[in-house]
Amino acid sequence: MPALIIVGAQWGDEGKGKLVDYLTANADYVVRFQGGSNAGHTLVVDGKKTKLSLVPSGILRPQTTCIVAAGVVVDPQTLMDEIESLKKAGIKVSSDRLKIDERAELVLEYHRALDRAREQSRGEAKIGTTGRGIGPAYEDRAGRVGVRFGELRQLEILKTKIKSNIEVKNKMLANVYSSDEEVKFEDVWSMIEKTASNLLAYVDDTSLVVHEAAQKHKKIVFEGAQGTLLDTTFGTTPFVTSSSTIAGGVLTGCGIGAKDTGPVLGVAKAYATRVGAGPFPTELHDATGDKIREQGAEFGTVTGRPRRCGWFDAVAMKYAVRLSGIDSLAVTKLDVLAGLPEVKICYRYKLNGKEISNFPSLNADLEKVEPEYVTFEGWDNSILQAKKWYQLPTSARLFLDTLGEIIGCPISIASVGADRESTIFSSNAATIRSFAA
Ligand code: IMP
């Protein structure tokens with residue numbers, strides 16, 4: 001099956017961008033199926049950094065068509081800025097290389113205003129959203145008042161809808177959230193007109209495009225954003241994003257059937273991080289956590305916030321493997337742990353004195369669980385030189401073998417640096433390998 005689904009298996013920021021970039025060497029299509037500009041992917045090619053949040057990472061590969069599917073909520077200004085900066089960097093971005101689905105929804109000023117006002121009104125209980133209007137935009141889809149890209153083709157009809165939306169949102173801002181912000185129709189409308197003239201050329205029925213590509217056995221990579229534990233249904237609600245981040249999201253986000261997809265590659269860091277509030281059983285509140293943050297440059301790509309850091313949580317990972325049917329796992333940032341005297345994996349929780357190995361659904365339970373660890377000897381900087389599996393330090397190999405055994409899923413890739421070259425395949429990587437150069 002020439003299609004591959006790549007999903008984050010933790011709380012986002014697992015290094016998916018690098019993997020997608022690496023595994024799109026031979027891809028014909030790269031498809032984003034959920035999320036919006038809350039995502040941030042940093043790609044490093046030949047030492048040069050490119051930051052993307054809406055354009056699929058495959059854009060750096062000249063043969064790839066990049067698709068922003070219907071499941072994505074698109075902030076049009078952010079997308080226009082990304083296209084501009086890619087063009088400035090000499091990357092070709094044309095309507096045959098980038099396609100936006102006509103059913104994808106726009107994130108508008110009133111969504112961002114509501115996101116801000118709501119977080120503010122929550123006080124101490126705030127979620128710590130990225131403030132990009134993601135939640136309110138998905139609410140509008142569920143509430144049947146969202147604005148879809150295809151509607152930019154009928155501006156006169158859209159005008160009435162926008163006016164009515166703004167009236168309702170301003171009432172919410174003032175009366176529910178006591179916000180001083182008032183969204184002006186003129187501002188939203190000028191963004192709509194600008195979007196129509198700049199982005200309509202890219203708009204297409206991508207459900208059809210992807211389906212036809214799958215029928216022709218084209219190589220397709222589905223690129224997930226955020227991570228499993230931020231899934232709107234199966235994550236640590238309410239501290240989650242508002243889209244379906246698991247592999248199931250590919251079907252609903254792209255409007256295709258299961259037979260148009262393929263195996264699932266989960267991506268996880270060799271440790272765990274989380275941005276924003278919410279339960280995090282293996283979080284480290286000590287110097288080791290600080291060291292991981294510093295060595296791993298664990299600061300948000302989108303908001304710059306310091307990420308919370310902790311040990312690898314195999315209980316949460318088993319849950320992620322089950323939810324997405326993960327066939328194999330890529331473990332990233334192994335190099336970040338170099339120099340630590342010991343490294344740990346949480347293999348089980350204790351809850352109210354009982355051993356549990358299933359991820360609880362209630363945050364109150366997750367706040368109480370006591371992680372139990374298996375401890376490994378650390379490894380040194382020689383890991384940076386490893387190009388083959390057998391060149392990984394013995395303790396790092398033991399760490400990966402044990403991890404695979406605990407979660408019941410093979411480890412196919414180890415990443416030991418930000419560059420494409422620092423990506424090592426295991427003997428379990430037969431299917432995945434065909435996607436790389
Ligand atoms: P929202 O997606 O902006 O509504 O934020 C909801 C939660 O998801 C917050 O805890 C964010 O920090 C988190 N989040 C959203 N996008 C990302 C991401 O790309 N990486 C990591 N965390 C994210």
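Close amide H pairs (under 5 Å, H built 1.01 Å from N) link residue 203 with 100, residues at least 5 positions away or on another chain. Build a GNM of the chain with springs between Cα atoms under 10 Å apart, and of 73, 20, 188 the one that fluctuates most is 188.
Close amide H pairs (under 5 Å, H built 1.01 Å from N) link residue 243 with 232, residues at least 5 positions away or on another chain.
Based on the Cβ-Cβ distance from residue 303 to residue 430, what FRET efficiency comes out when R0 is 35 Å, to the nearest 0.05?
Once rounded, the FRET efficiency stands at 0.35.
Name the shape class, rounded, prolate or oblate, that the alpha-carbon gyration tensor gives for the range 170-245, where a ≥ b ≥ c are the square roots of its eigenvalues, rounded holds for a/c under 1.5, and otherwise prolate holds if a/b is larger than b/c and oblate otherwise. Oblate shape, in that a/c is at least 1.5 and b/c is the bigger or equal ratio. Here the simple spin-label model places points 7 Å from the Cα toward Cβ, and for residue 354 and residue 95 these points are separated by 6.0 nm.
A 1.4 Å probe run over the protein chains yields, for the chain, 41 Å² of accessible area per residue, whole-number rounding.
Taking square-rooted eigenvalues a ≥ b ≥ c of the alpha carbon gyration tensor, is the range 321-420 rounded, prolate or oblate, where a/c under 1.5 means rounded and, failing that, a/b exceeding b/c means prolate? Walk me through the intermediate numbers first.
Details: a/c = 2.46, a/b = 1.72, b/c = 1.43.
Since a/c reaches 1.5 and a/b is larger than b/c, the shape of the range 321-420 is classed as prolate.
Of the two radii for the chain, the radius of gyration is 0.97 times the Kirkwood radius, both from the alpha carbons; that is the Rg over Rh value. In this rough spin-label picture, where each label sits 7 Å from Cα along the Cβ direction, the residue 258-residue 124 distance is 4.6 nm. A cut-off of 5 Å between modelled amide H atoms, ignoring neighbours fewer than 5 places along the same chain, links residue 67 with 30, 31, 32, 99. Among 392, 106, 351, the residue with the largest mean-square fluctuation in a Gaussian network model of the chain, with springs joining Cα atoms closer than 10 Å, is 351.
Using the alpha carbons alone, the radius of gyration of the range 1-146 stands to its Kirkwood radius in an Rg to Rh ratio of 0.98. By accessible area, using a 1.4 Å probe on protein heavy atoms only, the chain has 50% of its surface on carbon and sulfur. Annotation for residue 184 and residue 401: the two label points, set 7 Å from Cα along the Cα-Cβ direction, are 6.7 nm apart. The slack between residue 157 and residue 295, meaning 0.36 nm per residue of separation minus the straight C-alpha distance, is 44.4 nm.
From the Cα gyration tensor of the range 153-311, with a ≥ b ≥ c the square roots of its eigenvalues, which class applies: rounded if a/c is under 1.5, or else prolate if a/b is larger than b/c, or else oblate? Working shown, then result.
Numbers: a/c = 2.33, a/b = 1.21, b/c = 1.93.
Oblate, because a/c is 1.5 or more while a/b does not exceed b/c.
Size of the dipole of the range 305-410 about the Cα centre, Lys and Arg at +1 and Asp and Glu at -1 on the beta carbon, nothing else charged, in debye to 20?
300 debye
Net charge near residue 432, counting Lys/Arg +1 and Asp/Glu -1 over other residues with Cβ under 13 Å of its Cβ? Once positives and negatives cancel, what remains is +1.
Which value, in debye to the nearest 20, describes the size of the charge dipole of the chain about its Cα centre when Lys and Arg Cβ atoms bear +1, Asp and Glu Cβ atoms bear -1, and nothing else is charged?
Values: 54 positive and 54 negative charges, 120 e Å.
Here the size comes out at about 580 debye.
Each residue of the range 365-376 was assigned a 3J(HN,Hα) from its phi angle through the Karplus curve 6.51 cos²θ - 1.76 cosθ + 1.60 (θ = phi - 60°); the sequence is 6, 4, 5, 9, 4, 10, x, 10, 10, 9, 10, 10 Hz, with glycine and proline shown as x.
Relative contact order, whole percent, for the chain stands at 21, derived from Cα pairs under 8 Å and 6 or more residues apart.
The values are calculated or read from the model by the stated rules, or taken from the named source; none is laboratory data. From a predicted model like this one, the values you see are computed outputs, not experimental measurements. Quick reminder, even Gly has a Cβ in these numbers, built from the backbone with ideal geometry, and neighbours come from all protein chains shown. Ligands, DNA and RNA are stripped out before the accessible areas are found, and what is left, the full protein with its side chains, is counted by its heavy atoms. Shrake-Rupley method; radii C 1.70, N 1.55, O 1.52, S 1.80 Å.
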